[in-house]
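Accompanying notes for the structure given below.
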2 protein chains.
Amino acid sequence: MTPQPVPLSPPVRRADRARQVADVLRQQIHGGAFDHALPAESELAAEFTVSRNTIRDSLALLRDEGLIDRAPKVGTHVAQRKYEHGLDALRGLKETLRGHGEVRNEVRVATHVTPPPAVARRLHLSPGEQAVYIERLRYLGDLPLSLDLTYLVPDIGDPVIARDLESNDVFALIEQIAGGPLGSADLVLEAITADPHSAAALQMPEGGALLLLERLTRLEDGRPVDLEYIRLRGDRITMRGSLVRPSETSDWRLI
Amino acid sequence: MTPQPVPLSPPVRRADRARQVADVLRQQIHGGAFDHALPAESELAAEFTVSRNTIRDSLALLRDEGLIDRAPKVGTHVAQRKYEHGLDALRGLKETLRGHGEVRNEVRVATHVTPPPAVARRLHLSPGEQAVYIERLRYLGDLPLSLDLTYLVPDIGDPVIARDLESNDVFALIEQIAGGPLGSADLVLEAITADPHSAAALQMPEGGALLLLERLTRLEDGRPVDLEYIRLRGDRITMRGSLVRPSETSDWRLI
């Protein structure tokens, strides 16, 4: 804990500088700072006080992530905006993306299954008790956003699969059927690369990045009813939230 | 909204079944369900009521993610447990992983910079005003967990880089210097693949999955002081949190 002298800055390699620039540019693109076209390399070099070669390297990083397109004479363009999925609310994708376009669900499977014991335990089902299993590929416009595997307890799942799954969020259907709002959810988020079959389903490059979200959702009375495994295309979705510490308690609240 | 007949379950292809099994196994591994070795293929096939070929495919998916090792005669083993980083608290990595081992920071850069205008704006700095820039490679034991790029406002950053950055969380140092707890943070989480240089720094395969976290942190009075770009190894870290809707308000709270 003894105070140490400020370490001297070592010569920062170009790759490190390119990463610094790419991280700032990435968030500017997400935030809509550029109206489709990015500024010229020379302009970005001046703004970031780095060389044009560094700017080129950082744009190459963002191109490899699928965030921008680059072409001679045409310049650098935003390939696709990422959509924000709130970490802050138990909201379905359709409700989240209202205003960005139509969310359509391709229902790949909707059936009864005897779930694996680990799934049955989390949904408080007896061994051997059936669950409803739904598999959906979810589109915004023409492009897939996510592949969702959903296990539902039978008293909720049976009426859910009798409804229109193509144009409704499962959350909205559960709330209609339960007659009240959802209560809570446990989330686990991780980054994985897309295996060949998942990549093909999501129409994305094999090996591309996926956000994998496991979410166990409970009704207001605390009963777990919905266990989902959601693969979100890394190049199309960010998760966003805010943490605050309310002054009256020591709990953090996501707003 | 007209009720539809329950769609018939199409024949589920083996790749789809392998994905279903892998998703459940992955969370069992994270939760510590297996004591290093996974059950035999035949046992897993019985548990999941799928063929041994499907089990083999699902284990191949998890092996490709770096989660398990497989070898003839030796069987299937957990390659590395993933550590949970709470989405629920403004906690540094060292504080989060207390009990799992020692977090050590390799300080790659600690210096003054004129930040890019987009960074200056978010930290409420005047154009041209200097910030403190810190770049750290963070280890748990011998393995890197994350590469963190940090911009701090000068009145906080100057005393921070005079302290021991190798064994302290920046959050803890900010709270010591500010004389009070942090107030709030805005988070953006996304999945990207590791570029060659980031992969080399993090000692992970090129093209492997990274969780990229951008986090703007404020003091209790609301002033933004710390803007970070954090690359977390996808094969070593999960982000975990719980959402509840407190009955008295319509806000969601992360607990």
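On the stretch given as segment B:158-199, residues that are over 30 Å from A:Ala209 (Cα atoms) and not charged (D, E, K, R) total 18.
Charged (D, E, K, R), under 28 Å from A:Ile29 (Cβ atoms) and crowded, with 20+ Cβ neighbours inside 10 Å - does that describe any residue in segment A:187-208? Within segment A:187-208 (the criterion being charged (D, E, K, R), under 28 Å from A:Ile29 (Cβ atoms) and crowded, with 20+ Cβ neighbours inside 10 Å), the answer is yes, since at least one residue qualifies.
A single member of B:Thr111, B:Thr76 is facing another protein chain (nearest Cβ under 9 Å) and over 15 Å from the mean Cα position of the chain (by Cα), and it is B:Thr111. Among the residues that make up segment A:208-215, is at least one of them more than 28 Å from A:Asp64 (Cα to Cα), within 11 Å of chain B (Cβ to nearest Cβ) and in contact with a strand residue (DSSP E or B) (Cβ under 8 Å, 6 or more places away or on another chain)? Yes; the residues of segment A:208-215 include at least one that is more than 28 Å from A:Asp64 (Cα to Cα), within 11 Å of chain B (Cβ to nearest Cβ) and in contact with a strand residue (DSSP E or B) (Cβ under 8 Å, 6 or more places away or on another chain).
Quick one: is A:Arg108 in contact (Cβ under 8 Å) with a residue 12 or more places away in the chain, within 19 Å of B:Val21 (Cβ to Cβ) and in contact with a strand residue (DSSP E or B) (Cβ under 8 Å, 6 or more places away or on another chain)? Yes; evaluated as a whole, the condition is true for this residue. Return the residue satisfying two criteria in turn: it lies in segment A:68-96 and is out of contact with any strand residue (DSSP E or B) (no Cβ under 7 Å at 6 or more places or on another chain) and of a type in the set (A, V, I, L, M, F, W, C), and of such residues it is surrounded by the most Cβ atoms within 10 Å (Cβ to Cβ). Ranking the candidates gives A:Ala89 first.
Across segment B:97-108, the number of residues qualifying as more than 9 Å from every other protein chain (Cβ to nearest Cβ) and either among the acidic types (Asp, Glu) or surrounded by fewer than 18 Cβ atoms within 10 Å (Cβ to Cβ) (or both) comes to 7.
Yes or no, residue by residue, for (1) more than 22 Å from B:Ala120 (Cβ to Cβ); (2) basic (Lys, Arg); (3) at the interface with another protein chain (Cβ under 7 Å from one of its Cβ atoms):
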| position | (1), (2), (3) |
| --- | --- |
| B:Gly157 | no, no, no |
| B:Ala172 | yes, no, no |
| B:Leu187 | no, no, yes |
| B:Thr193 | yes, no, yes |
| B:His197 | yes, no, yes |
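Per the conditions (1) surrounded by 14 or more Cβ atoms within 10 Å (Cβ to Cβ); (2) at pLDDT 95 or above, the sole criterion not satisfied by A:Ile29 is (2).
Take segment A:132-145 and flag every residue that is more than 12 Å from every other protein chain (Cβ to nearest Cβ) and touching a residue at least 12 places away in the same chain (Cβ under 8 Å). A:Arg138, A:Tyr139, A:Leu140, A:Gly141, A:Leu143, A:Pro144, A:Leu145, listed by residue number. For segment A:32-55, a tally of residues being on the phi > 0 side of the Ramachandran plot and either more than 12 Å from chain B (Cβ to nearest Cβ) or surrounded by 23 or more Cβ atoms within 10 Å (Cβ to Cβ) (or both) returns 2.
Scanning segment A:89-103 for residues that are part of a helix (DSSP H, G or I) and free of Cβ contacts under 8 Å to residues at least 24 places away in the same chain yields a count of 1.
The values are calculated or read from the model by the stated rules, or taken from the named source; none is laboratory data. From a predicted model like this one, the values you see are computed outputs, not experimental measurements. Methodologically, a virtual Cβ is constructed for each residue, glycine included, from the backbone with ideal geometry; neighbour enumeration extends over all protein chains shown.
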